[in-house]
1. For A:Lys113, enumerate residues with amide H under 5 Å from its amide H, sequence gap 5+ or separate chain, H modeled in the peptide plane.
2. From the helices alone, meaning DSSP H stretches of at least four residues, give me the mean residue ellipticity at 222 nm for chain A, per-run term -39500 (n - 2.57), in deg cm²/dmol to the nearest 500.
3. Could you rank A:Leu156, B:Leu44 by how accessible they are, 1.4 Å probe, largest area first?
4. What accessible area, in Å² to the nearest ten, does a 1.4 Å probe give for A:His132?
5. Could you give log10 I(q)/I(0) at q = 0.11, 0.12, 0.16 Å⁻¹ for chain A, computed by the Debye formula over C-alpha point scatterers of equal weight, without solvent?
6. Pull up the DSSP beta bridges for the protein assembly as shown and report the antiparallel fraction as a percent, rounded to 5.
7. Counting only trypsin sites (Lys or Arg not before Pro) that sit in a DSSP loop (anything but H, G, I, E, B) with at most 10 other Cβ atoms within 10 Å, what is the longest stretch of chain B containing none of them?
8. So, with a 1.4 angstrom probe, what is the percent of accessible area on the protein assembly as shown that is carbon and sulfur?
Amino acid sequence: MAKFTLPKGSKVKKGKRVDATHKDSTNTKSFKVYRWDPEDETNPRLDEYVLDLDDCGPMVLDALIHIKDNVDSSLTFRRSCREGICGSCAMNIDGRNTLACLKPINEVKSDVKITPLPHMPVVKDLVPDLSHAYAQYESIEPWMKTDSPAPTRERLQSQTDAQMLNGNDGKGPAACILCFCCTTSCPSYWWNPEKFMGPAVLLNAWRWITDTRDEATDERLDQLEDPFKLYRCHTIMNCTNSCPKDLNPAQSISEIKKLMAERHS
Amino acid sequence: MADDQDFRSPLKKAKGLGAAHAGVHHWMAQRITALALIPLVVWLVYSIVDLKGASYAEFMAWTASPINAVLMIFFVIASFYHGVLGAQVVVEDYIKCKCLKMTKLIAHKLFFTALAIATIFSILKIAFTAG
Ligand code: SF4
Ligand code: SF4
Ligand code: FES
């Protein structure tokens, strides 16, 4: 049966509390951060850092950077662009998967609880192991495939065709930054990660299926026509709810399902 | 190095056994039966409410009328089919053990089929003998 509880070694214990505020701090906030180090054989724990918000920038990522630079250098997390474009800083903040660099601290009313993306194995602290999700992405061959001889200039697309990728509002499937917030929020993915592709990968599969320049639509649909790879999606919509870029993976998935039905009728 | 170390690449695992090239039929059947069930459920609920307080004989006569018997059989087929498809999804979602999964899938299909046949048989029996 599916497991609904954490194994013993994964139960999160209470950790240390570090007060990094000053005597005259007025603007304070508590951050409860998931910590786990593969090298010490103990359970994960939630460490609490109390910060003076006047010491750091407005986003949750700023708080994490402040902790790492000034309070506890052992804290481990990924980040790169700090402007919502690289997808590295995806984590669960206040119960929702999102990008730490785009999440304003003041949007969280109580203490800020920060844990890694759910369901993925943890490398250390807030760093999840995404190898499997990346491999699933690789398996859909996310690049342009054509049989016609390559043109001497760029491959042309009409504006309407390009809109299929970019959306009218820039929120089409081509805007995905592969942060995997959606995939790791999907209950279907939690239960069947080995076989279900998950929303992020399916949205990207759709990005290539709907690309008018790509000539491998048939092959791409063939590879997805499977009770698990595609049809494990039960339209629960968590994915669309969690996407920090406001994309709509659930819709991309239903577009793929529509095409599947179309080629059978 | 430990014998049980996993040397398969992530890509090998992600590709797994490949696509089954199936699933569309299940998906469409689930939607078509759902569609059929909307008017059928309305009809059934309406009829049952209408039959409130009816005697045994009146109930039998109602079931024996050709329209009611046909709609009833339609309802049984659509709902059982829809039920089997739904139960299959639940089993596939939550049961990890391969042999348990197979057993459950086969068992519940046989069970639902038998139940549907029995129900249809009863309706026909009433239709052909009562009234
Ligand atoms: S819509 Fe599909 S992919 Fe998205 S969360 Fe739901 S089941 Fe998962
Ligand atoms: S669809 Fe959104 S949440 Fe999912 S990987 Fe892409 S950007 Fe991230
Ligand atoms: S640091 Fe790049 S998305 Fe947050």
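The values are calculated or read from the model by the stated rules, or taken from the named source; none is laboratory data. These figures come from a predicted structure and were not determined experimentally. Here the Cβ positions follow ideal geometry from the backbone for every residue, glycine too, while neighbour counts run over all protein chains shown. Side chains included, ligands, DNA and RNA excluded: accessible areas come from the protein's heavy atoms. Shrake-Rupley method; radii C 1.70, N 1.55, O 1.52, S 1.80 Å.
1. Sorted by chain and number, the residues that satisfy this are A:Lys32, A:Asp94.
2. That calculation yields -7000 deg cm²/dmol at 222 nm.
3. If we order A:Leu156, B:Leu44 from most to least accessible, we get A:Leu156, B:Leu44.
4. Counting only protein heavy atoms, A:His132 exposes about 50 Å² to solvent.
5. Treating every Cα as an identical point scatterer, log10 I(q)/I(0) equals -0.68, -0.78, -1.18.
6. So the antiparallel bridges in the protein assembly as shown amount to around 70 percent.
7. Longest run free of exposed loop sites: B:53-131.
8. 59 percent
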